[in-house]
1. Just to be sure I understand: with springs between alpha-carbon atoms less than 10 Å apart, which residue in ALA116, ALA40, ALA50 has the highest mean-square fluctuation in the Gaussian network model of the chain?
2. Quick one: 3J(HN,Hα) in Hz for the range 39-54, Karplus 6.51/-1.76/1.60 with θ = phi - 60°, rounded, Gly and Pro as x.
3. Give me the percent of accessible area attributable to carbon and sulfur for the range 154-236, probe 1.4 angstrom.
4. So if I place +1 on the C-beta of Lys and Arg and -1 on the C-beta of Asp and Glu, and nothing else carries charge, what would the dipole magnitude of the chain be about its Cα centre? I want it in debye, nearest 20.
5. Using the alpha-carbon atoms, what tilt in degrees (0 to 90, nearest 10) does helix 135-152 show relative to the longest principal axis of the chain?
6. Over the alpha carbons of the range 154-236, what is the largest minus smallest coordinate on each principal axis, giving the biggest first in Å?
7. Convex hull volume of the Cα atoms in the chain, per residue, in Å³?
8. Quick one: length gained pulling GLU144 to VAL14 fully straight, 0.36 nm per residue minus the C-alpha distance?
Amino acid sequence: GSNTLVRDGGVEGVVIRLAGRPFARIERVGERRILAGAGALDAQLAREAAATGLAGLEFYRGVPGSVGGALVMNAGCYGAETADVLVEARAVCRDGRILTIPASEMGFSYRRCARAADGDLIFTAGLFEGRPDDPAAITARMDEITARREASQPIREKTGGSTFKNPEGHSAWRLVDEAGWRGRAFGGAMFSPQHANFLINTGEATAADLEGLGEKVRAEVEARTGIRLDWEIRRIGRSGPVVRKEFTHVGP
Ligand SMILES: Cc1cc2nc3c(=O)[nH]c(=O)nc-3n(C[C@H](O)[C@H](O)[C@H](O)COP(=O)(O)OP(=O)(O)OC[C@H]3O[C@@H](n4cnc5c(N)ncnc54)[C@H](O)[C@@H]3O)c2cc1C
């Protein structure tokens, strides 16, 4: 859920969470590859790759989501992205077929996987490729990524990370900043004073506050500059009054 805003009326449907061991397993495969379940965290994948001397997946240290989310979002940072390191993805379709999809057929582009766009696939794992390197050198690069993020992003706030995709040739944070919305409160929602493309919940913001601020900023930026900001954060569920329901947990 690190890239998802659930509207206040909740999700009318089944939410599948790939929890538990089989979906979180990470294992080295031969000289250059590593297989990670879709429920494993990106940071765990980065750490495991580093520990076994596989370079190239360091950037995942900075992405707080799961491997499944990384496949759907073509997650990346600091010049590297999922498309660069994926060999193939494993998935289940709604009709129950189990597929292995080569990276070349994923339709990756900036923060997008065309193959996943219609919501028919549930990714179960990804096979990634790196290059052998010294674990200490890889770990040092990961530490650099962590330090860089801590210095520039409000990573301890309640946030979905980058709110808007960077429009071709522009930085989303700059457009939000120039529209005067850095650090300006809107209910409990605000674009972070530290990073103007990070929408944060300063306390008790509803999803409507957060989405409402995002839409307001989009409209103002477009009116000022003619540039359309597209949401990077996925918004799902129904608008409406906040619903708090007990739910039944099936399984262990
Ligand atoms: C502080 C912070 C910093 C961030 N920095 C970055 C960054 O540097 N780079 C970056 O790319 N992103 C960044 N993000 C955004 C986010 O972490 C990534 O988009 C991440 O890949 C989302 O993974 P998730 O597992 O949380 O996905 P979710 O938010 O749970 O889901 C995202 C989408 O993928 C779908 N999905 C998830 N798992 C599966 C699956 N197994 N099968 C099919 N569909 C699935 C969901 O239905 C949803 O549509 C940041 C977020 C935060 C909060």
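1. Looking only at ALA116, ALA40, ALA50, the biggest GNM fluctuation is shown by ALA116.
2. x, 6, 7, 4, 5, 5, 4, 4, 5, 5, 4, 4, 4, 9, x, 10
3. Working: 1830 of 4090 Å².
Roughly 45 percent, rounded to a whole number.
4. Working: 34 positive and 33 negative charges, 79 e Å.
So the magnitude is around 380 debye.
5. Here the helix axis deviates by roughly 0 degrees.
6. 33, 25, 22
7. Details: hull volume 35.9 nm³, N = 252.
Convex hull of Cα atoms, per residue: 142 Å³.
8. 42.9 nm
The values are calculated or read from the model by the stated rules, or taken from the named source; none is laboratory data. Because the structure is a prediction, the values reported are computed rather than measured. In this analysis, Cβ positions are derived from the backbone assuming ideal geometry, glycine residues included, and neighbour counts consider all displayed protein chains. To get the accessible areas, we keep the full protein, side chains included, count just its heavy atoms, and leave off ligands, DNA and RNA. Shrake-Rupley method; radii C 1.70, N 1.55, O 1.52, S 1.80 Å.
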